Amino acid sequence: MIKYDHVAKTYTDIPVLKDVSFEINRGDLFVLVGPSGSGKTTLLKMFNRLTVPTDGDVYYQGKKIKDYDLQQLRLKTGYVLQESSLFPNLNIQDNIAIQLEQQGVDKEQRHHRAQELLRAVEMDPQIYARRMPNELSGGEQQRVGIIRALAAKPEVILMDEPFSALDPVVRHQLQDLVLRLQKQTHTTIIFVTHDMQEALRLGTKIAVLKDGILQQVGMPQEIINRPATEFVKEFFHGHNFHFSLTDILDNGLGEKIAIKQTDLP
Ligand code: ADP
């Protein structure tokens, strides 16, 4: 459904992505993981054309991203960033519904959809609909950021380190929320993180990047059991990996993937 085909990116002679190829299926929660500066955001932004490859192409449903009408492409795509990107001068309800307004949906329906989404993430519309973004906690703002991305029923949602500024408890709750919403809506998600625990917890498929080079693409258990490079092995097993892998490999669908630490290579 999505194909990155020999993609490269160079900024003023400095290569930041080198010959990266992978495919994403419909309904995947595809995680791009790697250290800071490894090229994850650059790859993500190629999908909604905030950046263009210097070489190679990205395809969506068999058509080159560069051949899409930009507005059509952006309508198909939700985008969630690390810092709240809510419009500070719009209340929560209008923030959620703004893309629907651009699509010509009438006010009553927009508000209905916004309130329905708020309820879906356990935020009572009576309390939250008319609040301003600065009257919400960081976690609540990201919650709204996620439902805003879902409001226009996009086919693909791009998430760029959406939870890295949040404390571990809230981060965990929002990871659960993403798993639940994705299961309900079957939206394809590309999720960027530098946090390996987050990658293992969320990903149906994981791509590991280092210095612009794709190290491995696979399901979480493949990455853990059969790391393709020394880097992948170190990255996932290196430091203080004392938490239970069975715990983080709970994919939120009630199916624990039974990998014990004794199974590790
Ligand atoms: P990550 O998301 O993995 O942290 P990025 O994709 O943001 O990595 O960045 C990859 C590399 O590209 C970094 O070295 C970064 O400094 C560089 N880079 C990103 N955007 C630009 C830009 N607009 N101009 C020059 N260099 C950039």
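The values are calculated or read from the model by the stated rules, or taken from the named source; none is laboratory data. Small disclaimer: the values here were computed from a predicted structure and weren't measured. A quick note on method: Cβ atoms are made from the backbone with ideal geometry, for glycine too, and the neighbour counts reach across all protein chains shown.
Structure summary
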item	result
Residue match in the stretch 230-246 (condition: touching a Pro at 6+ places or on another chain (Cβ under 6 Å) and at pLDDT below 95)	yes
Subset of the stretch 124-155 (residues that are surrounded by fewer than 18 Cβ atoms within 10 Å (Cβ to Cβ) and touching a residue at least 60 places away in the same chain (Cβ under 8 Å))	Glu155
Of residues in the stretch 1-47 being part of a loop (DSSP other than H, G, I, E, B) and more than 12 Å from the ligand (Cβ to nearest atom), the one surrounded by the most Cβ atoms within 10 Å (Cβ to Cβ)	Asp28
Hits in the stretch 180-196 - residues which are assigned to a helix (DSSP H, G or I) and surrounded by fewer than 19 Cβ atoms within 10 Å (Cβ to Cβ)	Arg180, Lys183, Gln184, Thr185
Of all residues in the stretch 161-179 being surrounded by fewer than 19 Cβ atoms within 10 Å (Cβ to Cβ) and acidic (Asp, Glu), the one that is farthest from the ligand (Cβ to nearest atom)	Asp176
Residue identified as more than 26 Å from Met46 (Cα to Cα), in a helix (DSSP H, G or I) and of a type outside the set (Gly, Ala, Ser) among Arg113, Arg148, Arg74	Arg113
Members of the stretch 50-90 found to be within 16 Å of the ligand (Cβ to nearest atom), modelled with pLDDT of 95 or more and touching a Leu at 6+ places or on another chain (Cβ under 8 Å), listed by number	Pro53
Search result, residues across the stretch 85-126 that are touching a Pro at 6+ places or on another chain (Cβ under 6 Å) and under 22 Å from Ile189 (Cα atoms)	Leu86, Leu118
Only one of Gln93, Gln99 that is away from the ligand (no atom under 16 Å from the Cβ), in a helix (DSSP H, G or I) and surrounded by 20 or more Cβ atoms within 10 Å (Cβ to Cβ)	Gln93
